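The values are calculated or read from the model by the stated rules, or taken from the named source; none is laboratory data. Just so it is clear, the model here is predicted, and its values are computed rather than measured. Cβ placement follows ideal geometry from the backbone for every residue including glycine, while neighbour counts extend to all protein chains displayed. Areas reflect the complete protein model, heavy atoms only, side chains present, ligands, DNA and RNA absent. Shrake-Rupley method; radii C 1.70, N 1.55, O 1.52, S 1.80 Å.
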Amino acid sequence: MSTKLWYNKYVDDWMHALPLGNGRVGAMFYGNPHKETIEINEESLWSGKQIKERNHATAEDLKKVRELIFEHRLQEAAELSRRTFLADPIRVRFYESFGEIFIDFDDKSEYVDYHKELELSTAIASATWKKSDAEFSSECFVSEEYDAMVYRICSSDKSFSCNVTMKREQDAYTAALSKDTLLLNGRVTYATDDLRGEGAEGVSFGARIKIMTDGQLEEHHSFISVSDATYLILYAAFATNYDVNKFDIDESKDYRAFLSGCIDRIEKVSYEDIRAKHIEDHGKWFSTVRFELDSDAKCDEPTDLRLAKFKEGHADDPDLYTLYYNFGRYLLTESSGKKATLPANLQGIWCHGFRPPWGSDYHTNINLQMNYWPADSTNCSATFEPLIHFMKMLCEFGKQTARDQFGADGWCINHTTDIFGRTGVHDSVDCGFFPMAGPWMCLNLWEHYEYTNDKGYLKDIYPILEGACRFVLDYLCEAPNGYLTTSPSNSPENKFYYNEPNGECKTSMLTQGATIDFEIIYALLTRTAYACRLLGNDASFAQKLEDTLDRLPPLKVSERYGTVREWCEDYEEQEPGHRHMSPLFALHPSDQINETTPELFEAAKNTIARRLAHGCGQSGWSRAWIINFYARLKDGDSAHKHVDLLFAGSTEENLFDMHPPCFFQIDGNFGAIAGITEMLIQSHLGRPDERIIELLPALPTEWHSGTLSGVKTRGGFIFDIVWKNGKLVTVRVNSPDGRALLLKLRPEQAKVSSSAEIKLTDGLLEYKFAKNETITLFFN
């Protein structure tokens, strides 16, 4: 199994550094032979603090906007919305870098035989080189057990000298407390900004670094010099005074005591034991899934050269797919597992500088949702915990927005948020207005239940689902055609042409009844009604949700293009190749469009084809969504093509996903591996209590033989799959909870045997498991 990124040249750039983490703390390891650089992040180091958002819209404003929309006076509706719907302040602030650790070597002579790597199975980054008749080896990791970053460098045959420090370009100072201990202390300060509100002091933060060496140490004002050493070890701890249970700064939180405690604990343990414990702990997260593709073509070239061949269009490198898949799972555990208390943001936990693209915040009109698409299917379910807590907290803040902005019960959020509970309309009404973000997030929460069968968890999150439903019930209004509709509404970030009542052609994002709204509402209400009855809650509420579903307009096919209609009317898009493919939400991540709805299923194919014909897929996350679409359409070769295009156009040399022009966004990494899993196993059809599982539903021709083991499906089943020449060979299935299995078999899969008493009826294999029972299926 391919688990190693490696390089034979050093590039002094953040996008060529290698990511490490323990969920809470992130590190980017450069591997610089002259001046080692390790940039640090900590999940809660943001500018800003908790504030009370001011919402200016009134019930009369909302009523007037709806009237204008129904009269097709969309420009006036948009102008009124812009004056009244925007939150004050209108933007959230930024996730920030914690600073950089530098090990500045005295010897700047030329080096040779350079090698840098990240071993995913151990979560250790390392570099080796030769310089001045000595061999050097360095390695770095972030310990889960000790909640600290660890770095070691050793030389053979010759000693070295260096200076060690940590620097942050703003809001912090560094001091040597003794000859072997550095302290960085700071407080985020931010200026008054017309877009982001009043300036203030924010999160306090600090780092403590312990140095161990056989060399000589000397303290200076802001650094420690090391001389005549053959090895150097750094232990570094990082913390802030943010409290995730308050969604705010806690001035009473003694983060300095936490730092001291971390260092006191780790320095008493040998480096070898710390490293061994780290590898053992990481293995529990990483080793649950194995993905391999059989091929005679084995590539033993640096990762950057392998990726370059995809960009040049002549790669034969099956192992790169498995490496990318493993890297995606690795990023998820390192940014949302282990010690994480906050969910992965737009860049996971890795960001460079103080104003990263889009603030490295939480975008909730697909991006945060996509981050967690692979969490359960790739058997990383524990990474979901920070998101659960985040949503519990966020919906409490969203109650004010629902009440003040829309006069509605329940809770809502819009298209961006942060770690301080911002839920209003941000940035602009055109892009930022998206009250369906909360209901969409509920689908993620529901899916986690389906993969885990944890009824206690479902009971725990049910108030979130119910609150989102109550908002939707209040937000829906009756359209002139008699159906219920959402108004105002938009299809995320996409515009259309329309004619004003005077005949003038205009463009707008704002309308009523965008298709994605009804698709999200369908997903929310059907799941919540099911949960309500399963938990024995108020049956009348479940009936109300089902009655509401009956009043929603049906999904429609465009008469002009045969695509899934994107808006309430068959508008012409301003940008037919737009990156958001919102009307296909019902194909993926939801399940309303599938093989049992053939007209819409065909329209979904046409929708993707039209988008692609006009240049869609230029951003990595958009390309990743396309992979999932084609998997659901059972078109493995097209899905495979778009994995290749993701490699060629949206993947950096360190395998980070890219958004044009050159911005890192982690959602594409996560969305792509979710799509690869969907290509090989699916479980979205059928009712929640009897999901139908399909094996190799979208197997690409080129992936003719392989193994996928440890993946999960809805119903909580764990599958090990082996296939050869495009056909199943053996399938091993475990059911921790003792569920009934429904396995859909295509004609070529119909010859199956097992020592278990399986039942075969019209291409459907059935078996009722005992708790934690495992069976093996053999295919002829």
Taking only Cα atoms of region 302-371, the Rg to Rh ratio with Kirkwood Rh works out at 1.07
Sorted list, accessible surface of protein heavy atoms, 1.4 Å probe, largest first, for E396, E36 is E396, E36
Residues meeting the amide H criterion for G99 (H placed from the backbone, H to H distance under 5 Å, 5 or more places apart or on another chain) are I40
The answer for I413, listing residues at least 5 apart or on another chain whose modeled amide H is closer than 5 Å to its amide H, is A437, G438
Given a Förster distance of 22 Å, the FRET efficiency implied by the Cβ-Cβ spacing of Q618 and R560, rounded to the nearest 0.05, works out to 0.35
With Rh as the Kirkwood radius over Cα pairs, region 233-306 has Rg/Rh of 1.19
Note: region 159-235 at 20 °C, 1.002 mPa s; Kirkwood Rh on alpha carbon pairs; Stokes-Einstein D in µm²/s works out to 153
Relative contact order in percent for region 223-287 (Cα pairs under 8 Å, 6+ apart) equals 24
Subtracting the Cα-Cα distance of E198 and F70 from 0.36 nm times their residue separation yields 42.3 nm
Expected sort for 225-233, 590-598, 8-16 on mean C-beta neighbours within 10 Å, highest first, is 225-233, 590-598, 8-16
With all protein chains present and a 1.4 Å probe, the order of V142, V752 from largest accessible area down is V752, V142
Amide H contacts under 5 Å for S132, restricted to residues at least 5 apart in sequence or on another chain and with H modeled in the peptide plane, are none
Kirkwood Rh for region 716-780 from C-alpha pairs, in Å, is 12.0
With a Förster distance of 30 angstrom and the Cβ-Cβ distance between H221 and E251, calculated FRET efficiency to the nearest 0.05 equals 0.60
Expressed in Å to one decimal, the Kirkwood Rh of region 469-588 from all distinct alpha-carbon pairs is 15.5
So the angle from the long Cα axis of helix 271-286 to the longest Cα principal axis of the chain, reported in degrees to the nearest 10, equals 10
At q = 0.15, 0.18, 0.21 1/Å the base-10 log of I(q)/I(0) from the Debye formula over the alpha-carbon atoms of region 1-154 is -0.81, -1.05, -1.29
From the Cα centre of region 79-117 to that of region 183-228, the distance in Å is 16
Straight-line reach check, K311, cutoff 12 Å on alpha carbons, 8 or more apart in-chain or any other chain, hits among aspartates and glutamates -> D644, E652, E653
Computed over region 56-133, protein heavy atoms only, probe 1.4 angstrom, the accessible area per residue in square angstrom equals 42
The chain: relative contact order from alpha carbon pairs under 8 Å, six or more residues apart, as a whole percent, is 12
Probe 1.4 Å, all chains present, heavy atoms only: K399 accessible area in Å², nearest 10, is 90
re region 468-511: pairs of Cα atoms spaced beyond 12 Å account for a percent value of 69
Using eta = 1.567 mPa s and T = 4 °C, Stokes-Einstein with Kirkwood Rh from Cα pairs puts D for region 646-726, in µm² s⁻¹, at 89
For S137 the rounded accessible area (nearest 10 Å², probe 1.4 Å, non-protein molecules ignored) is 50
Computed over the chain: longest principal axis from alpha-carbon atoms vs helix 74-84 long axis, angle to nearest 10 degrees, is 50
Rounded to the nearest whole number, the Stokes-Einstein translational diffusion coefficient of region 496-560 at 10 °C and 1.306 mPa s (Kirkwood radius, C-alpha pairs) in µm²/s is 110
Taking Cα atoms only, Rg over Rh for region 277-431 with Rh from the Kirkwood formula is 1.07
For M436, M212, the accessible-area ranking with a 1.4 Å probe, largest leading, is M212, M436
Helix 318-336 sits off the longest principal axis of the Cα atoms of the chain, rounded to the nearest 10 on a 0 to 90 degree scale, by 90
FRET efficiency (A308, K641; Cβ distance; R0 22 Å; to 0.05) is 0.75
Cα gyration tensor of region 398-471 diagonalised, 5x eigenvalues square-rooted, in angstrom largest first, produces semi-axes 24, 13, 10
With every protein chain in place, the accessible area of Y522 for a 1.4 Å probe, in Å² rounded to the nearest 10, comes to 80
Normalised Cα Rg of the chain, dividing by 2.2 N^0.38 Å with N its residue count, works out at 0.97
For the chain, the accessible surface attributable to carbon and sulfur atoms (probe 1.4 angstrom, ligands and nucleic acids excluded) amounts in percent to 46
Convex hull around the C-alpha positions of region 103-224: the volume in Å³ per residue is 174
Beyond 18 Å (Cα-Cα) in this structure, taken from K9/K108; K35/K277; K9/K35; K506/K605; K4/K338; K167/K339, we find K35/K277; K506/K605; K4/K338; K167/K339
Cα extents of region 343-385 per principal axis, largest first, Å, are 33, 20, 14
Protection proxy (average C-beta count within 10 Å per residue), highest first, orders 99-109, 118-128 as 118-128, 99-109
In deg cm²/dmol, rounded to the nearest 500, the helical mean residue ellipticity at 222 nm of the chain, built from -39500 (n - 2.57) for every DSSP H run of length 4 or more, is -10000 deg cm²/dmol
